[in-house]
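Reading through the structure tokens given below for one structure.
Read-outs throughout are calculated quantities, based only on the coordinates presented, and are distinct from any laboratory measurement. Note that the structure is predicted; figures quoted are calculated from it, not measured. In this analysis, Cβ positions are derived from the backbone assuming ideal geometry, glycine residues included, and neighbour counts consider all displayed protein chains.
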Amino acid sequence: MIDDEFCDLPGGVRVCYRAEGDPQGAPLLLIAGLGLDLTSWPRPLLDGLTARGFRVVRFDNRDAGRSTRVDARPPGKLRQLVARPLPGAYRLEDMAGDAAGLLGHLGIERAHVVGMSMGGMIGQALAATHPDRVASLTSIFSTTGARGIGQPARSTLLRMARRAARTREEWVGRHLEMLDHIGSRTFPYDDAEERAWAAGVWDRGGGPARAAGVARQIGAIQASGDRTAALRTITAPTLVIHGDVDRMVHPSGGRATATAIPGARHVEIAGMSHHLAPGVLDRLVALIAEASPVRER
């Protein structure tokens, strides 16, 4: 069991993180998605990366897990649906600043950066605003923020618009219902593992209080808008991975991301959805390792 550790950043955000693998290994920073915490990276993926020589660092974004809950009113469901963030909402660039601050706290000058979904957006922002910190970028089932690109299916939006879960049991049930909707028949999920993970996320994230954090993170995505111009400035070697059956972030989001970032490689995995399912983990480890050389050229 790897213990949670904490670092306090100058802006007042406290970040919870875990680091594992060879302390002298190539640093690899994992950035989780919307409402997810550092436990959202499956153990087989973590073990696969550390076995390849990486020093793997993962953390809770602000408003998730055990990191700082921002003291600000969250946007309501209507604002989220019409993409009208509240004035003063923090942005993805602020969350990227948290990631850069964590690297500084750990004495890491440059890291390979891997982000999934919203974490991919944060990774993109980190590579654009702190290019000296990013040795390579892997963006997994993410998008550019452009309107009409990478949007959730209408059926997914309707599920996201429901009132927040009020109990642990309800949250676990909602999580499994969403996986049934956005998951893949090619790469099915493990029911017992997902139940245990969802219960742990509820406990680490403050139970019913986690809904406000998710809403503020949605506000950050919407406040950041279309990031295509910023993506064109990224100089880090970039790999974009997406599934072809993604109902949360349409595959057009991955294609647009790869088109925007100069020289990016795009891999679309047949049958993969918006989930790090057991059957796809070995391929993800191999792709990440290939895109993130342990010894930089």
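For the chain, the antiparallel share of DSSP beta bridges with both residues in that region comes to about 25%. Would you work out if the range 218-279 is rounded, prolate or oblate? Take a ≥ b ≥ c from the square roots of the eigenvalues of the alpha-carbon gyration tensor; rounded if a/c is under 1.5, else prolate when a/b is larger than b/c, oblate otherwise. Oblate is the answer for the range 218-279, as a/c is 1.5 or above yet b/c matches or exceeds a/b. Each Cα pair under 8 Å and six or more residues apart adds its sequence gap; the mean of these over the residue count of the chain is a relative contact order of 23 percent. Restricting the range 175-204 to trypsin sites (Lys or Arg not before Pro) that sit in a DSSP loop and have at most 13 other Cβ atoms within 10 Å of their own Cβ leaves R185. In percent, rounded to a whole number, the relative contact order of the range 156-227 is 36, using alpha-carbon pairs under 8 Å and six or more apart. Kindly identify the range 75-217 as rounded, prolate or oblate by the Cα gyration tensor criterion: order the square roots of the eigenvalues as a ≥ b ≥ c, call it rounded if a/c is under 1.5, otherwise compare a/b with b/c, prolate if a/b is larger, else oblate. Here the range 75-217 falls in the prolate category.
Length available on full extension from E268 to A164: 0.36 nm per residue minus the Cα-Cα distance, which gives 34.2 nm. The modelled label-to-label distance between A199 and I2, using points 7 Å beyond Cα along the C-beta direction, is 2.3 nm.
With 0.36 nm allotted per residue and the present C-alpha distance subtracted, the A229-D244 stretch has 2.9 nm of extension available.
Round to a whole angstrom and tell me the spacing of the C-alpha centers of the range 2-20 and the range 206-285. Comparing the Cα centres of the range 2-20 and the range 206-285, I get a distance of 24 Å.
Remark on I269: its backbone amide H falls under 5 Å from those of H242, G243, D244, a criterion applied only to residues 5 or more positions apart or on other chains, H modelled at 1.01 Å from N. Annotation: amide H-H contacts under 5 Å for L34 (H modelled 1.01 Å from N, sequence separation of 5 or more, or interchain): M118, G119. Only helical DSSP H runs with n ≥ 4 go in: add -39500 (n - 2.57) per run for the chain, normalise by residue count and round the 222 nm mean residue ellipticity to 500 deg cm²/dmol. Helices in the chain give a 222 nm mean residue ellipticity of -11500 deg cm²/dmol. For the range 64-115 and the range 145-178, write down the distance between their C-alpha centroids in whole Å. Value for the Cα centre distance between the two parts: 20 Å. Spin-label model, Q24 to A83: label points 7 Å out along the Cα-to-beta-carbon direction sit 4.9 nm apart.
For the range 33-138, the percent of C-alpha pairs falling in each 10 Å distance bin, counted from 0 to the bin holding the largest distance, reads 13, 43, 32, 10, 2.
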